[in-house]
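Trainee: Attaching a single structure in structure tokens format; questions to follow.
Since every read-out is calculated from the coordinates, none of them should be taken as a lab result. Predicted model, so just to flag it, every value in this text is computed and none were measured. Positions of Cβ are backbone-derived with ideal geometry, glycine not excepted, and every protein chain shown enters the neighbour counts.
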Amino acid sequence: DLSLTVPPIRTTCPYCGVGCGVLASPNGNGGTTIAGDPEHPANFGRLCSKGSALGETLSFDGRLLHPMMREANGRMSQVSWDAALGRVAAGFRETMKRHGPESIAFYVSGQLLTEDYYVANKLMKGFLGSGNIDTNSRLCMASSVAGHKRAFGADTVPGAYEDLDNAELLVLVGSNAAWCHPILHQRMVRTRQTRGARIVVIDPRRTATAEDADLVLQIAPGTDGVLFSGLLAHVAAKKALDGDFIGAHTSGFAAALDLAEAIAPDPDMVARAVRVARKDVATFFDWFRVTEKVVTLYSQGVNQSAQGTDKVNAIINCHLATGRVGRAGMGPFSLTGQPNAMGGRETGGLANQLAAHMDFEPECVDRVRRFWNAPAMARTPGLKAVDLFEAVEAGRIKALWIMATNPAVSLPRADAMRDALGKLDLFVVSEAVASNDTLAARPMVLLPAATWGEKDGSVTNSERRISRQRAFLVPPGEAKPDWWIVCEVAKRLGFGRAFAYHYAYEIFREHAALSAFENDGTRDFDLSGLSNLTPADYNELAPVQWPVRDSKSKGQARLFGDGRFFTPDAKARFVTIDPPALAEMPAHAFPYLLNTGRVRDHWHTMTRTGKSPRLSGHIDEPFVEISPAGAAASNLADGSLARLTSAHGSAVLRVKVGEGQRDGELFAPIHWNGETASHGRLGALVHQARDPHSGQPDLKATPVSIAPV
Ligand code: SF4
């Protein structure tokens, strides 16, 4: 029995940004036993329902097995890799020749590994001459990136998960961590049980996370900025500022406080604006003021908003004002959604970043150009996700390659975006599965991609920790790693020397070397110590938090403890935020606000979790949650079907009447897209409002109507 003698493979869970370590033990008969890795510092052996069911999701049913091309008669036919790759390369070459580099784009994914991301970004921004590579992570955490850069001068997460063990007050904003980041939530609950830490939950919905909270502020949608402006004003009024820290290590405090006092002068006004009892607002303010060790964790309720970046900065302002950043047990903390949204940020997978956390400043463009010996560097940012697909709709993007994501379900105005794909001259998809809504939009070339367990690479979790994903299965059919597919297209475009990688470790090493190139310590993302890894080093690479500035470094748990930030004057910046407002108010035709999110046991559009009977058994169909008063007013019974309609689309969903929902608001999950009795491609309803700084779409507050079916 080989399973008794072969040690389990150490890898990382492919779902959320917690980045739990997994031990995978293939049994040689197609099955794999999954366990948590007790040595991984993200989870110390624990796994949530999704992670522990990974073994049930590894069948090859429904996989895309071979390269396919559309024939003149519209049918898809199996072709050789060479023919498919040649068609992709020729299509991009021809489109660029006729319409220029701004007519092409890649749309990639937080599911990609860092190595995949690195080569895709290198090809687009260094060799094809366009900035048009963006990622579905734009939908996940772009507002945190923009907020970090405004405050800290770089996209740096200041703290570490161990701060959750040391904190005395844990504030969760716009986060249902109990369902969406379960292992971290369990860690916080343990801190509450063992050390008496308090948990405050701030969310328009009363979610499972509220069950373990000491205080719940069920604020009105879009009012986070009022609450945290009020908190800043309160801390100042009670003389609880850290004047020494503000004076020595920050700039812009006076202006930020003036605006906060204008927006939210006192707890009475704040309570009215956020529509929460005054005593609860006052309790939160007092707890924050008197507790030294505070971690404020925020997630998609903050990020997925037309004012997401301002919300992030309103939170960070409060931590700067009290000097609570960069020290154990305290700090603002962005919970990333996807497994490798962070790795995408590090490699330049966002259209407005270059690579290794560099921006499009001329000296950075030149530095990356020299490092890559790049013939055609992009010099300006490309189109962010929603803008990119609107450019497809407008006919300005002519050739698009989608990798490892399903935008026909997940983008705002998803019906219109799906239809726009039909306008492309060249539409290419790399996918692990053989059918989904994006594939139904009739790509011209389909490239079979290897997926979790079948390829080697790395990911970065929410605390900047780089972990290896390791292969333990042979990919089915002709499926290949995404990095290999990109490199083969690059070779056929004439860039063979720059993309002559044979193994993932070669790409990782180059990625690390780029982060170290001309980096005198003023750039936050620095993997100098990993830039000379041997294949054996890479294979054995233990989870490590960047920066890793030399080969002896064990990584760094926390940044900014010395009061120095990555701004030109090394000071953190307070940010004056815009007065909080919703992008669209509910109106007569669309009187409800629709909030979208996840359920506990499914991930994204369910291509993996949908294979597990155990996970599907938790909630087996799409639903809309409505308050008892709302249900009565709209003549809806619990368990009935209702049609939701917005200005952009509609869906039919099972009604769940729940006390957790505020009157006038609805919640529905994002995962489902099938045509069952209830069917809900929620993206079809969502408006295209987006944050002006981050470009992140507002997925939490679309005006809709609801009526019985
Ligand atoms: Fe996977 Fe996230 Fe669950 Fe950890 S918490 S096992 S990373 S889904």
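Trainee: Pairwise over distinct Cα atoms, reciprocal of the mean inverse distance: report the Kirkwood radius of region 592-708 in Å, one decimal place.
Mentor: About 14.5 Å, per the Kirkwood formula over Cα pairs.
Trainee: Give the lysines whose C-alpha is closer than 18 Å to that of K311, dropping any in the same chain fewer than 8 places away, or say none.
Mentor: Qualifying lysines at Cα under 18 Å: K149, K700.
Trainee: Would you mind checking which residues have amide H under 5 Å from I133's amide H? H placed 1.01 Å from N; only 5 or more apart, or other chain.
Mentor: Result for I133 returns F106, G382, L383.
Trainee: Could you tell me, in Å, what Rg and Dmax come out for the Cα atoms of region 544-638?
Mentor: 23.7, 66
Trainee: Suppose every K and R has +1 on its Cβ and every D and E has -1 on its Cβ; what is the size of the dipole of region 142-335 about the Cα centre, in Debye to the nearest 20?
Mentor: Taking the Cα centre of region 142-335 as origin, the dipole is about 240 debye.
Trainee: I would also like to ask the following. Sequence-distant or interchain residues sharing an amide H contact under 5 Å with K571, placed H: which?
Mentor: So K571 has HN proximity to F565.
Trainee: Given a Förster distance of 30 angstrom, what is the FRET efficiency for A237 paired with F44, based on the Cβ-Cβ distance and rounded to 0.05?
Mentor: Plugging the Cβ-Cβ distance into 1/(1 + (r/R0)^6) gives 0.10.
Trainee: Using only the alpha carbons, work out the radius of gyration and Dmax of region 294-430 in angstrom.
Mentor: 18.5, 55
Trainee: Quick one: which of K293/K571; K455/K491; K125/K554; K398/K611; K238/K571 span more than 27 angstrom between C-alpha atoms?
Mentor: Violating the 27 Å Cα-Cα cut-off are K125/K554; K398/K611.
Trainee: Could you order peptides 680-689, 393-402, 634-643 by the average number of other Cβ atoms within 10 Å of their residues, highest first?
Mentor: My ranking of the peptides, most packed first, is 680-689, 393-402, 634-643.
Trainee: Just for the Cα atoms in region 1-74, what are the lengths along the principal axes, largest first, rounded to whole Å?
Mentor: On the principal axes, region 1-74 reaches 55, 35, 17 Å in Cα extent.
Trainee: I would also like to ask the following. Take every Cα-Cα distance within region 449-601, group them into 10 Å bins from 0 onward, and report for each bin the whole-number percent of pairs it holds.
Mentor: The distribution over region 449-601 is 9, 25, 25, 20, 16, 5, 0, given as percents.
Trainee: Right, here's the next one. For the chain, give the magnitude of the charge dipole about the Cα centre (Cβ charges: +1 Lys/Arg, -1 Asp/Glu; no others), in debye to the nearest 20.
Mentor: It comes to approximately 480 debye.
Trainee: Rank Y501, T291, G649 by how far each Cα sits towards the positive end of the charge dipole of the chain (+1 on Lys, Arg Cβ; -1 on Asp, Glu Cβ) and give me just the farthest.
Mentor: Y501
Trainee: A further question on this structure: Can you give me the orientation-averaged projected area of the convex hull built on the Cα atoms of region 615-680, in nm²?
Mentor: If I average the Cα hull's projected area over directions, I get 4.7 nm².
Trainee: Give me the number: length gained by fully extending E71 to S59, i.e. 0.36 nm times residue separation minus the C-alpha to C-alpha distance, one decimal in nm.
Mentor: Fully extending the segment from E71 to S59 adds 1.4 nm.
Trainee: If I model a spin label as a point 7 Å beyond the Cα along the Cα-Cβ vector, how far apart are those points for T645 and A35 in nm?
Mentor: 5.6 nm
Trainee: Moving to a separate point now. With +1 assigned to the C-beta of every Lys and Arg and -1 to the C-beta of every Asp and Glu, and no other charges, what is the dipole magnitude of region 592-708 about the Cα centre in debye, to the nearest 20?
Mentor: For region 592-708, the charge dipole is close to 360 debye.
Trainee: Now a separate question. For A376 and E540, FRET efficiency with R0 = 41 Å and r from the beta-carbon atoms, rounded to 0.05?
Mentor: After rounding, the FRET efficiency stands at 0.65.
Trainee: OK, next. Could you tell me which of A542, P568, A557 has its Cα farthest along the dipole of region 532-576 towards the positive end, charges placed at Cβ (Lys, Arg +1; Asp, Glu -1), taken about the Cα centre?
Mentor: Toward the positive end, the furthest listed residue is P568.
Trainee: Semi-axes, largest first, in whole Å: what does sqrt of 5 times each Cα gyration tensor eigenvalue give for the chain?
Mentor: Three semi-axes, in Å: 37, 31, 26.
Trainee: Percent antiparallel among DSSP beta bridges with both residues in the chain, to the nearest 5?
Mentor: 45 percent
Trainee: Output wanted: per-residue J couplings in Hz (rounded whole) for region 322-336, from phi through Karplus 6.51 cos²θ - 1.76 cosθ + 1.60, θ = phi - 60°, x for Gly and Pro.
Mentor: 9, x, 9, 8, x, 10, 4, x, 8, x, x, 9, 7, 8, 6
Trainee: Rg/Rh for region 142-335: what does it come to with C-alpha atoms and Rh from Kirkwood?
Mentor: Using Cα coordinates only, the ratio equals 0.92.
Trainee: Now, a different point. For an R0 of 25 angstrom, estimate the FRET efficiency from the Cβ-Cβ distance between A254 and D663 and round to the nearest 0.05.
Mentor: The calculated FRET efficiency here is 0.05.
Trainee: Amide H of T296: which non-local residues (sequence gap of 5 or more, or other chain) have their own amide H closer than 5 Å, using H built in the peptide plane?
Mentor: V171, G331, F333
Trainee: Tell me, what HN-Hα J-couplings in whole Hz come from the Karplus equation 6.51 cos²θ - 1.76 cosθ + 1.60 at θ = phi - 60° for each residue of region 461-474, using x for Gly and Pro?
Mentor: After applying 6.51 cos²θ - 1.76 cosθ + 1.60, I find 8, 5, 9, 6, 8, 8, 10, 7, 9, 10, 7, 9, 10, 7 Hz.
Trainee: In region 243-264, whose amide N lies under 14 Å from the spot 7 Å out along Cα-to-Cβ of A328? List them in ranges.
Mentor: Residues passing the 14 Å test: none.
Trainee: When the scattering of region 486-550 is computed by the Debye formula from its Cα atoms alone, each counted once and equally, what is log10 I(q)/I(0) at q = 0.17, 0.27 Å⁻¹?
Mentor: -0.66, -1.07
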